[in-house]
Amino acid sequence: IALKPDEYEAYNGRAHLRTQTRERNHIAQLQEVAARTKDPAGLVHVCYALAKEQEDVGDFEGAFESLRRGADTKRRHMKYGVGTDLEIMARIREVYGTGLFDGHIRGVDNPDPIFILGMPRTGTTLVERILDSHSSVFSAGELNNFSLELVRLVGRTVQPAPANRLDFVAATAGLDFRALGEAYIASVRPLRDGRPHFIDKLPFNFLYAGLIHLAMPRAKIINLQRDPMDTCYAVYKQLFKDAYPFSYDLGELGQYYIAYHRLMQHWNEVMPGVIHTLRYEDVVADVEGATRRLLEYCGLPWEDQCLRFYQNARASTTASALQVRQPVYDSSVGKWRHYARQLEPLRAQLEAAGIPAG
């Protein structure tokens, strides 16, 4: 920052290196930079940095205004329509009905994969670290392999090619799911380290939970859940690099969360007992109990080092990289309540959809 004051991403990185205090923070400097910058992308980084530091020192009113300014600026410079995502999730529910899960589809008999999925900022990285600390488990990170192999298989076997994304969803139901499972396993093989199980921690895989089960019926699928308002606020306040374009407008974020919620309800209805639902709040309240249940679901013996996940030296490239270096803490539980007034339209939107929210 001293050498290159317009390296705006550095301001946001610095803000997240530690918890700022009233005696030691960069708020005045950030406000000055935000007032003079003409670069929209730079302003976004500075606003998110400012919001983080203002929240740290307890200026919640100022923090939300900075966050809103940053998110609105980001959203204005994006080409995105949440309607497409909503249509796709609704189409998945239509296509993947109970009949596909009656046992007539034979996937590949491979118990190696452990999928961790859900909305972002729900504890997926925390659970990944806990499992990755087990001697039989290796985390391969956030992989796009399943969706890539799905697209390749459709491209090779479906004629004529699907005309749009909704037709693509319909086409996938007729695939050779065993071939899909084999292609996925083969694609991940070069990334593994020889341990019996590997983790694929791509939150977006919630879209494919049913397809994953059809392709690899012995794969483990873990869905992380968190209080809906805490989830949405945590997503809203996180500046993602490229993913999650729905996260910069509270109305769109609410719509996306509702669609995610309904899709996960659907998966649990058509394949009951397959997905292990793990609540972030339960992990925080009783990390050992939650870990024991998690390992039991995965068919893994107990190992004490799973409770010392914060000592795991593996690199983390997610937005939770700093948090997973620390023991479990509960300071993020209920944090949305600092902004209850500003988030009231979102809460009402979720409640109207039948999702208890605060």
Check region 31-45 and report whether any residue there is touching a His at 6+ places or on another chain (Cβ under 7 Å), within 26 Å of S332 (Cα to Cα) and polar (S, T, N, Q). no
Picking from T37, T73, T84, the residue that is in contact with an Asp or Glu (Cβ under 8 Å, 6 or more places away or on another chain) and either in contact (Cβ under 8 Å) with a residue 24 or more places away in the chain or open to solvent by less than 60 Å² (accessible area, probe 1.4 Å) (or both) would be T37
Meets criteria (touching a residue at least 60 places away in the same chain (Cβ under 8 Å), closer than 22 Å to C298 by Cβ, charged (D, E, K, R) and in contact with a helix residue (DSSP H, G or I) (Cβ under 7 Å, 6 or more places away or on another chain)) for K201: yes
Which one is nearest to F206 (Cα to Cα) among residues in region 121-169 that are charged (D, E, K, R) and without any contact (Cβ under 8 Å) to a residue 12 or more places away in the chain? D167
Restricting to region 252-292, count the residues that are open to solvent by 10 Å² or more (accessible area, probe 1.4 Å), part of a helix (DSSP H, G or I) and among the β-branched types (V, I, T). 4
Residues to consider are A90, A49; find the one that is at pLDDT 95 or above and farther than 22 Å from G13 by Cα. A90
Got a number for residues in region 183-195 being open to solvent by less than 70 Å² (accessible area, probe 1.4 Å) and assigned to a loop (DSSP other than H, G, I, E, B)? 2
Taking R189 as meeting all but one of (1) within 23 Å of A290 (Cβ to Cβ); (2) without any contact (Cβ under 8 Å) to a residue 40 or more places away in the chain, write down the number of the exception. (1)
Select from region 327-352 the residues that are part of a loop (DSSP other than H, G, I, E, B), open to solvent by 30 Å² or more (accessible area, probe 1.4 Å), at pLDDT 95 or above and not charged (D, E, K, R) and list them in ascending order. A340
Could you tell me whether any residue of region 204-226 is open to solvent by 30 Å² or more (accessible area, probe 1.4 Å) and on the phi > 0 side of the Ramachandran plot? no
All helices (runs of 4 or more DSSP H) inside region 121-182 with 1 or more residues being within 20 Å of the chain's Cα centre (by Cα): 124-132, 145-157
Determine whether region 242-260 contains at least one residue that is under 26 Å from L131 (Cβ atoms) and in contact with a Ser or Thr (Cβ under 8 Å, 6 or more places away or on another chain). yes
Condition broken by G103, with the remaining ones in (1) closer than 20 Å to W267 by Cα; (2) in a helix (DSSP H, G or I) satisfied: (2)
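The values are calculated or read from the model by the stated rules, or taken from the named source; none is laboratory data. Keep in mind it's a predicted model, so treat the numbers as computed, not measured. Note that we place each Cβ from the backbone using ideal geometry, even for glycine, and neighbour counts take in every protein chain shown. Calculation scope for accessible area: heavy atoms of the full protein, side chains included, ligands and nucleic acids excluded. Shrake-Rupley method; radii C 1.70, N 1.55, O 1.52, S 1.80 Å.
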